[in-house]
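Undergrad: If you scroll down you'll find the structure; I have some questions about it.
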Amino acid sequence: MLEVGDLKLPITKSLFMKCINCGTDNNLKDRTANQGRCKQCNHPFAFEPTTMGSLKVTDIMFAKALADISANETLYFTPKQFLYFLDNRLRKKAFKLMYFIPVYLFINFWITLLFGFILLIIPNFFIVVNLIYHIGIILYLFNNTKSTKLNNASRKASSIALRFVGILILVVGILVSLLIQSFPIFAAVVVVGMSSIYLGIRQLGKIGNLAQEFLIPQANLDSWLETWQRINGTLNQLLPSPQNQIAPASINPDVTAYSFDRLVVCDNSKVAQLLIANNFHFENNCAILSANGYPENIFETTMGMLRRNPNLQVFAFHDCTPKGVTLAHRLSTSEDWFFNHSVRIIDLGLLPRQIIASKKAMFIQKSDYSSQKSQELPSEVREKLTSEELAWLDSGNTVELESLSPRMLIKVLQNGISRSMSLIEDDSSLFVSNDYALSAIDDHDSIHNVYIVENFG
């Protein structure tokens with residue numbers, strides 16, 4: 001078993017690995033004798049799970065993750081997106097209810113039988129041992145339900161397991177206590193069983209908004225990617241850090257006379273780079289810029305083109321962070337953007353209300369720094385947030401757009417733009433369409449119409 005903090009992950013191919021070059025199976029002895037190379041084709045293995053400590057990755061697992069996140073090398077992705085993606089792959093193996101129940105029942109039977117026969121001299125000792133075992137199981141499952149090393153699915157499975165264990169304790173325990181006619185045993189069984197059921201029900205309602213921590217340190221992933229590319233070649237779909245290009249690009253005057261009807265502004269230049277690399281601007285006929293002016297070499301030219309369009313729609317696309325939730329306000333009040341220009345601004349998110357209302361599991365992080373920055377938000381921004389949103393942000397919670405895969409992020413943005421534009425055409429202060437809604441907000445008598453998307457994706 002692989003142990004990572006609270007986790008115990010199954011390891012299936014640490015001693016037996018398949019070469020990604022020729023498909024030959026190599027056991028540990030083969031790899032060791034051939035200096036970490038395939039015994040058949042001599043291709044080096046990028047990973048040796050037996051020497052990786054607690055975090056174990058195989059070449060096949062890594063190659064599959066790269067193929068999946070890039071949609072078989074058709075989409076570009078950022079290193080941070082791959083960190084989220086691979087981390088989730090490992091996390092999914094952490095706790096499975098279908099594996100837990102048979103192991104739990106097997107150990108329960110044998111530990112009771114063993115201690116029951118060894119210590120028959122103490123009346124009902126096997127029942128006491130069984131209750132102690134169950135208390136340990138309940139504590140293990142309860143810790144799982146609030147573990148930052150588990151995903152929501154594993155935490156939910158742990159809460160379901162708590163209820164299952166509690167019901168089993170009550171049914172079997174009460175029957176046994178009545179059989180031996182012991183009220184103390186009956187009372188103990190009821191307390192332990194009901195406690196397990198109560199904790200399972202209580203924790204299930206808290207799972208959706210619990211924070212998580214990465215299993216994989218960023219430094220580890222950077223090292224793995226470097227090793228992988230040295231052995232298997234450059235990953236063309238892996239984006240480098242956005243480069244500052246200060247010198248203005250030379251643009252044909254015929255092009256500058258044209259203006260996009262839509263602009264997507266990202267608070268993160270890496271997300272803007274991702275969208276541009278995947279040709280989102282061409283396929284959706286919109287300009288893409290970041291809040292810090294990326295791409296620098298065409299920023300001023302693009303802004304000049306956009307400001308000339310009286311029908312411009314501006315879409316704010318940002319992380320759910322204190323900095324991110326200020327983006328729409330910044331676009332409407334900054335002279336670098338659209339101060340004194342009449343534009344319609346739509347905040348697509350991420351916003352706390354979208355995460356709170358979402359049925360999708362999101363990777364929520366938590367930090368004291370974010371908590372402090374939230375409480376320092378301008379009053380104009382805080383008053384547009386609900387009390388529930390402010391409590392969420394003030395607790396230090398954040399969610400990054402890069403936690404979504406490239407395919408999902410692009411899909412969410414496309415849906416947000418198409419749906420919000422069709423709803424805005426109704427020209428009312430509140431738009432609702434099934435699971436999607438826009439709310440118009442008063443921007444202190446400004447000349448902008450600012451809208452907030454109520455649901456994400």
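The values are calculated or read from the model by the stated rules, or taken from the named source; none is laboratory data. For clarity, every value in this text was computed on a predicted model and none was experimentally measured. Virtual Cβ from ideal backbone geometry, glycine too; neighbours counted across all protein chains shown. These area figures cover heavy atoms from the full protein model, side chains too; ligands, DNA and RNA do not enter into them. Shrake-Rupley method; radii C 1.70, N 1.55, O 1.52, S 1.80 Å.
Undergrad: Does residue 170 satisfy being open to solvent by 10 Å² or more (accessible area, probe 1.4 Å), more than 18 Å from residue 365 (Cα to Cα) and not small (Gly, Ala, Ser)?
TA: yes
Undergrad: Also, quick follow-up: Of everything in the stretch 400-448, what is in contact with a helix residue (DSSP H, G or I) (Cβ under 6 Å, 6 or more places away or on another chain), modelled with pLDDT under 90 and assigned to a helix (DSSP H, G or I)? Give them in sequence order.
TA: none
Undergrad: List pairs: first residue in the stretch 127-141 and without any contact (Cβ under 8 Å) to a residue 12 or more places away in the chain, second residue open to solvent by less than 30 Å² (accessible area, probe 1.4 Å) anywhere in the structure, Cβ distance under 9 angstrom, at least six positions apart or on different chains.
TA: The qualifying pairs are 128/185; 140/158.
Undergrad: Here is a further query. State which residue is farthest from residue 392 (Cα to Cα) when the search covers only the stretch 318-342 and only residues that are in a helix (DSSP H, G or I), under 22 Å from the mean Cα position of the chain (by Cα) and hydrophobic (A, V, I, L, M, F, W, C).
TA: The selected residue is 327.
Undergrad: Given the criterion over 17 Å from residue 133 (Cβ atoms), in contact with a helix residue (DSSP H, G or I) (Cβ under 7 Å, 6 or more places away or on another chain) and open to solvent by 50 Å² or more (accessible area, probe 1.4 Å), identify the matching residue among 163, 155.
TA: Of the residues listed, the single one that is over 17 Å from residue 133 (Cβ atoms), in contact with a helix residue (DSSP H, G or I) (Cβ under 7 Å, 6 or more places away or on another chain) and open to solvent by 50 Å² or more (accessible area, probe 1.4 Å) is 163.
Undergrad: Go through (1) surrounded by fewer than 18 Cβ atoms within 10 Å (Cβ to Cβ); (2) under 22 Å from residue 293 (Cβ atoms) for residue 408 and report which single condition fails.
TA: (2)
Undergrad: Still on this model: Counting only residues that are open to solvent by 20 Å² or more (accessible area, probe 1.4 Å), more than 14 Å from residue 216 (Cβ to Cβ) and assigned to a helix (DSSP H, G or I), how many does the stretch 40-65 have?
TA: Result for the stretch 40-65: 5.
Undergrad: When the stretch 379-399 is examined, which residues are found to be in a loop (DSSP other than H, G, I, E, B) and among the charged types (D, E, K, R)?
TA: Residues satisfying the conditions are 383, 384.
Undergrad: Of the conditions (1) assigned to a strand (DSSP E or B); (2) in contact with a Cys (Cβ under 7 Å, 6 or more places away or on another chain); (3) of a type outside the set (Val, Ile, Thr), residue 315 fails just one. Which one is it?
TA: Every condition holds for residue 315 apart from (2).
Undergrad: Which residue pairs have Cβ atoms under 8 Å apart, sit 6 or more places apart or on different chains, and have a first residue in the stretch 293-310 that is of a type in the set (A, V, I, L, M, F, W, C) and a second that is open to solvent by 30 Å² or more (accessible area, probe 1.4 Å) and not in a loop (DSSP other than H, G, I, E, B)?
TA: So the pair list comes out as 305/256.
Undergrad: Anything in the stretch 113-165 that is at pLDDT 85 or above and of a type in the set (Gly, Ala, Ser)? List them, or say none.
TA: Listed by number, the residues that qualify are 136, 157, 158, 159, 161.
Undergrad: Which of the residues that make up the stretch 368-378 are closer than 19 Å to residue 212 by Cβ and either part of a strand (DSSP E or B) or out of contact with any helix residue (DSSP H, G or I) (no Cβ under 9 Å at 6 or more places or on another chain) (or both)?
TA: Correct list: 368, 369.
Undergrad: Of the residues that sit in the stretch 234-273 and are open to solvent by 30 Å² or more (accessible area, probe 1.4 Å) and small (Gly, Ala, Ser), which one is modelled with the highest pLDDT?
TA: Here the answer is 241.
Undergrad: Every residue in the stretch 29-40 that is over 38 Å from the mean Cα position of the chain (by Cα) and not charged (D, E, K, R), please.
TA: Within the stretch 29-40, 33, 34, 40 qualify.
Undergrad: If residue 177 satisfies every condition in (1) more than 22 Å from residue 100 (Cα to Cα); (2) open to solvent by 20 Å² or more (accessible area, probe 1.4 Å) but one, which is the exception?
TA: (2)
Undergrad: Out of the residues in the stretch 12-24 meeting the condition of being open to solvent by less than 60 Å² (accessible area, probe 1.4 Å) and within 28 Å of residue 99 (Cα to Cα), tell me which one is modelled with the lowest pLDDT.
TA: For the stretch 12-24, the residue satisfying everything is 14.
Undergrad: Follow-up question, since we're still on this one. With 355, 276 as the choices, which residue is modelled with pLDDT of 85 or more, within 22 Å of residue 419 (Cα to Cα), touching a Pro at 6+ places or on another chain (Cβ under 8 Å) and not in a strand (DSSP E or B)?
TA: From the options 355, 276, the qualifying one is 276.
Undergrad: Another one. Kindly indicate whether any position in the stretch 28-36 is surrounded by 17 or more Cβ atoms within 10 Å (Cβ to Cβ) and either among the β-branched types (Val, Ile, Thr) or closer than 26 Å to residue 87 by Cβ (or both).
TA: Yes, the stretch 28-36 contains at least one residue that is surrounded by 17 or more Cβ atoms within 10 Å (Cβ to Cβ) and either among the β-branched types (Val, Ile, Thr) or closer than 26 Å to residue 87 by Cβ (or both).
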